[in-house]
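Working notes, beginning with the structure itself.
The values are calculated or read from the model by the stated rules, or taken from the named source; none is laboratory data. The structure displayed is predicted, hence computed values, not measured ones. Cβ sites come from the backbone with ideal geometry, for glycine too, and all protein chains shown count toward neighbours.
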Amino acid sequence: LNRVKAKCSVDGQTRQEGAGWRTFSFILKTPPAPVLLREKAKVAKGSSTPGKQTAGSVTEADIEEVAKIKMPDLNAYDLEAAKQQIRGTARSMGLTVVA
């Protein structure tokens, strides 16, 4: 099950005379990082006790691929910082990162 975040805003104040149209914006976001990591690790869910029990493993190449996908939505300046955030997400899910 893939989920994509969407942000929609409707502006009802810009109604033009006679037209009756309202403006809106629709912004699609990238899928959540845990969903992408679960797909890469081929597991149904993360560990219920991360740090004590592992749910699976992902490679550094998987981390880099997820970071490139999530880069527009992350508050990271470069790819290395984005990869570090994704590694933290993987660790909090009980996934181990292997070289």
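General remarks:
- Scan of the stretch 47-71 for residues that are in a loop (DSSP other than H, G, I, E, B) and crowded, with 20+ Cβ neighbours inside 10 Å, ordered by number: A55
- Members of the stretch 72-99 that are outside any helix (DSSP H, G or I) and of a type in the set (D, E, K, R): D78
- Residue check for L74: hydrophobic (A, V, I, L, M, F, W, C), modelled with pLDDT under 95 and touching a helix residue (DSSP H, G or I) at 6+ places or on another chain (Cβ under 7 Å): yes
- Residues that are among the acidic types (D, E) and touching a strand residue (DSSP E or B) at 6+ places or on another chain (Cβ under 7 Å) do occur in the stretch 54-66, at least one of them.
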